[in-house]
DNA sequence: CTGCTCTGAGTTGTACTACAACTATAGAGG
DNA sequence: CCTCTATAGTTGTAGTACAACTCAGAGCAG
């Protein structure tokens, strides 16, 4: 039985066949199609399901193994890595925060505090690989899960990579889906992680008393290696469970 | 020209050929054999260098791409991801802390504060998938880089997986190299990340004033899926630069 | 000379086949 | 009941072939 793969998913997915299969398999895994520790179908059967060659399945599985989602055992099969439900909030997967919150079963809302075009600072120019003083778009937002603030973010975009319509979109919804519409979806990010205790970060009456945050200083890159935007994201400690899967 | 691969590296490496090639290529990449953004040899040439099939090279490259070390472009080649030097401290790579410190060019020292066999708590028993009250080995250590404390760690091992000689080794050197000697090297870890401000964590006169730590709550797993040890690792904020590469 | 299109060599992506290496299970034999 | 062995099933590696894509250079039009 074929899944009718390319036709069903040609809109939402992109990249090579192997990448499409990987993304589709990830959805099936996170959707609990197989129980934790359970065995997924063999490579031959998956190849038949998707209507692709076994080598294509293998590239997808290899990627999922490196991400820690599955465990491939020679001569036996591929098994769902037993990490419990928390796998969904994997830090190393570059995904929309709001979307992640929603997939965990909570209600996510985003509020834009300010959005302005200004000149790049020295640090921003260096990260974005542009000249100091070039125009950048700076956005300050907060994200809530089930009504309580979990994230404060300060993002700065290289305006040369954007279009006016995208800039408008970003104030309303997810940054990632907005960038997706002009095929400028970042495929890679480099993040520095810090613990910080500060009263200066958040705003509003819902700002946490403790002032304790997990701070991600990020630079997002396109497939061609160019940086598209940089930002400081502050996760309110205790409100957002951060999981990371470490592999050899 | 062949690298004489299997012979040179059969001691230090393990796993499939693809894993060995991946590990060797990672060393070459981190050793700056190619400049950032530069192109590495083609798959055919690498296959010839290592004396393996192209499909084996591809599995290794695919893994390195998922880890964010390289960027593969269809019809063009594989390029070194331009992240600067900081790639060496990648959080998602499961490696010895002391070894990571040394590779960054600093002097690493480890001090064991205490090492005792006791009964597992409920939480430890759950993480290690053993019965509550089973014997576990609990070790408290601190790690310094260039003389200043960067890490306090509290680790708890499932004693059933250990041998007496390994337990002695672990008090002296790296946990990972000790476990390697009995082929119980963890291949995967699940870590929760927290920001914490506490005076209770560290000890000694070098304990940081701020009490601000990046807290990793980890469970380490063997290839067969069994947990081998769990632990709380506290990184002194500001002393250790944490980098994470996020990919789609 | 400048700028454009097109061609072609080079590279990665996918398909197919074949066999080696390994695993897990069932069954024979003690 | 236990141990060993045979065997079917699965992943790992090799080899070949071609498709899809990239990039630089040749060639042409202006």
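For region A:152-172, a tally of residues being closer than 15 Å to residue A:142 by Cβ and assigned to a strand (DSSP E or B) returns 4.
Total residues in region B:47-78 satisfying the condition of being within 8 Å of DNA strand C (Cβ to nearest atom) and farther than 24 Å from residue A:93 by Cβ: the figure is 5.
For region B:173-182, a tally of residues being without any contact (Cβ under 8 Å) to a residue 60 or more places away in the chain and in a loop (DSSP other than H, G, I, E, B) returns 2. Looking at region B:38-150, the helices (runs of 4 or more DSSP H) lying wholly inside it that each contain 1 or more residues that are within 16 Å of DNA strand D (Cβ to nearest atom) and surrounded by 15 or more Cβ atoms within 10 Å (Cβ to Cβ) sit at B:43-50, B:54-66.
Pairs, please: C-beta under 6 Å, at least 6 apart or cross-chain, first residue at the interface with chain A (Cβ under 10 Å from one of its Cβ atoms) and in region B:17-32, second away from DNA strand C (no atom under 13 Å from the Cβ)? Qualifying pairs under 6 Å: B:23/B:13. Does region B:191-207 include one or more residues that are over 22 Å from residue A:194 (Cβ atoms) and either touching a helix residue (DSSP H, G or I) at 6+ places or on another chain (Cβ under 8 Å) or surrounded by 21 or more Cβ atoms within 10 Å (Cβ to Cβ) (or both)? No, that holds for no residue. Screening the candidates A:183, A:188 for the property of being surrounded by 15 or more Cβ atoms within 10 Å (Cβ to Cβ) and either within 11 Å of another protein chain (Cβ to nearest Cβ) or under 20 Å from the mean Cα position of the chain (by Cα) (or both) yields one hit, A:188.
In a loop (DSSP other than H, G, I, E, B) and either in contact (Cβ under 8 Å) with a residue 24 or more places away in the chain or at positive phi (or both): is that true of residue A:231 in this structure? Judged against the criteria, residue A:231 is not a match.
The residues of region B:196-209 that are in contact (Cβ under 8 Å) with a residue 24 or more places away in the chain and within 8 Å of another protein chain (Cβ to nearest Cβ) amount to a single one, B:196. Determine, yes or no, whether residue A:73 is touching a helix residue (DSSP H, G or I) at 6+ places or on another chain (Cβ under 7 Å), within 12 Å of chain B (Cβ to nearest Cβ) and modelled with pLDDT of 85 or more. No; evaluated as a whole, the condition is false for this residue.
The values are calculated or read from the model by the stated rules, or taken from the named source; none is laboratory data. Remember, predicted model here, so these are calculated numbers, not experimental data. Note that each Cβ is placed from the backbone with ideal geometry, even for glycine, and that neighbours are counted across all protein chains shown.
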